[in-house]
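Engineer: Please find one structure pasted underneath; my questions will follow.
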Amino acid sequence: MQLVEPYVFMGGTFDPVHNGHLRTALELQQWLKVKQVTLIPSGEPVHRSEPGCSAKDRLAMVELAVADAASLQVDSREVDAHTPSYSALTLASLRQSLGPDKPICMVMGMDAYLSLPSWKDWHTFLSLCHIIAVARPGYAYTADDVMDDFTRRHQIESTDMLWQQPCGAVMIHELTPLGISATQIRNLVAQGKTPRYLTPDQVWEYIKQHQLYGYQRGDWISDAN
Ligand code: ATP
Ligand code: MG
């Protein structure tokens, strides 16, 4: 049986990227024993309200966050596309770049996984990739009938298949639970509080420098925190 190292990626708005994303990506890289995990920030997200800052800023923050992490990298294809970021299009584009035999694993938090039936062309995803759903505090596995059936039909327990087949399986994986969200960070900044230690210092510095999310210097935020 031929084993091919999977291409593992995590998409998201990353508005901004935080340690929940980064730790998830790093733990998956170690667990799957792959060289790298790729973060793909969305250009124009389709399933949610307008992000709190531009695609250029969100991409820049992800680039800063992974700059010194050899096992994490960024792919800017969704931002560069300047079109609505549908995962079906991204998967087709990745499949085109990587060829038919390369396993592709799309990583998502449990909230995203459970919402899959609302994603455009979601039924085609498993013909293009494997899906890895990771536990996320606050989002228990409470699948509706559609997702329960989908999970039961495709779920595998061992990572072997991720190296043996290019697509078609679902894995659900528990890792260090970090109850951090980008919403929490945007709210803290807007309230004049620091998000330090929830996101890398380089990201926080970028937020301050570019005055994102309503940032203003005040009593609780100074250059020191
Ligand atoms: P927002 O609050 O703006 O929705 P978010 O923190 O959910 O931001 P997203 O960019 O929406 O971040 O999420 C990108 C991907 O990362 C999704 O698949 C999401 O489920 C996952 N994710 C986000 N935060 C965590 C976390 N703390 N642990 C595990 N997965 C996470
Ligand atoms: Mg989210």
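The values are calculated or read from the model by the stated rules, or taken from the named source; none is laboratory data. Keep in mind the model is a prediction, meaning the values are calculated, not measured. Cβ placement follows ideal geometry from the backbone for every residue including glycine, while neighbour counts extend to all protein chains displayed. The accessibility values were calculated without ligands, DNA or RNA, using every heavy atom of the protein model including side chains. Shrake-Rupley method; radii C 1.70, N 1.55, O 1.52, S 1.80 Å.
Engineer: With the calculation restricted to Cα positions, what are the radius of gyration and Dmax of segment 100-174 in angstrom?
Structural biologist: For segment 100-174, the Cα radius of gyration and maximum Cα-Cα distance read 11.8, 37 Å.
Engineer: Would you work out which of 46, 185, 13 lies farthest towards the positive end of the dipole of the chain? Charges go on Cβ: Lys and Arg +1, Asp and Glu -1.
Structural biologist: Of the options given, the answer is 185.
Engineer: Quick one: ranking 80, 201, 75 by accessible area, 1.4 Å probe, largest first, what do you get?
Structural biologist: Largest accessible area first, the list is 80, 201, 75.
Engineer: OK, next. Taking amide H positions as placed in the peptide plane 1.01 Å from N, state which residues far from residue 85 in sequence (5 or more) or on other chains have amide H under 5 Å from it.
Structural biologist: Under 5 Å from the amide H of residue 85 lie the amide H atoms of 43, 44, 46, each far enough along the sequence or on another chain.
Engineer: Subtract the Cα-Cα distance of residue 196 and residue 31 from 0.36 nm times their separation in residues, and report this length gain in nm to one decimal. Don't skip to the answer; put the middle values down first.
Structural biologist: Numbers: separation 165, 0.36 × 165 = 59.40 nm, distance 2.73 nm.
Residue separation times 0.36 nm, minus the Cα-Cα distance, leaves 56.7 nm.
Engineer: For the chain, the longest stretch holding no chymotrypsin sites (Phe, Trp or Tyr not before Pro) located in a DSSP loop with at most 12 other Cβ atoms within 10 Å is which?
Structural biologist: Maximal segment without exposed cleavage sites: 1-196.
Engineer: Another question about this same structure. Using the Karplus curve 6.51 cos²θ - 1.76 cosθ + 1.60 with θ = phi - 60°, work out ³J(HN,Hα) for each residue of segment 147-157 in order, rounded to whole Hz, and write x for Gly and Pro.
Structural biologist: 6, 5, 5, 4, 5, 4, 6, 10, 5, 10, 9
Engineer: GNM, the chain, Cα, under 10 Å: largest mean-square fluctuation among 96, 36, 73?
Structural biologist: Per the Cα network of the chain with a 10 Å cutoff, 96 tops the list.
Engineer: Would you mind finding the longest exposed-site-free stretch of the chain, with exposed GluC sites (Glu not before Pro) meaning DSSP loop and at most 15 other Cβ atoms within 10 Å?
Structural biologist: Longest run free of exposed loop sites: 1-156.
Engineer: For segment 52-94 and segment 97-113, what is the centre-to-centre distance using only Cα atoms, to the nearest Å?
Structural biologist: Taking the Cα centre of each part, segment 52-94 and segment 97-113 sit 15 Å apart.
Engineer: On a full-extension model of 0.36 nm per residue, what is the gain between residue 82 and residue 122, subtracting their alpha-carbon distance, rounded to one decimal in nm? Walk me through the numbers on the way to the answer.
Structural biologist: On the way: separation 40, 0.36 × 40 = 14.40 nm, distance 2.13 nm.
Extra length from residue 82 to residue 122 when fully extended: 12.3 nm.
Engineer: Sticking with this one: Using 7 Å Cα-to-Cβ label points, what is the residue 115/residue 50 separation (nm, one decimal)?
Structural biologist: Going by the 7 Å Cα→Cβ label model, 1.9 nm.
Engineer: Another question, if that's okay. Around residue 11, which amide H atoms from residues at least 5 apart in sequence, or from another chain, sit under 5 Å from its own amide H, with H modelled in the peptide plane?
Structural biologist: Placed amide hydrogens put 40, 107 under 5 Å from residue 11.
Engineer: Regarding the chain, what's the average projected area of the Cα-atom convex hull, expressed in nm²?
Structural biologist: 12.2 nm²
Engineer: Taking every DSSP beta bridge with both residues inside the chain, roughly what % is antiparallel (nearest 5)?
Structural biologist: Counting DSSP beta bridges with both partners in the chain, the antiparallel share is about 5 percent.
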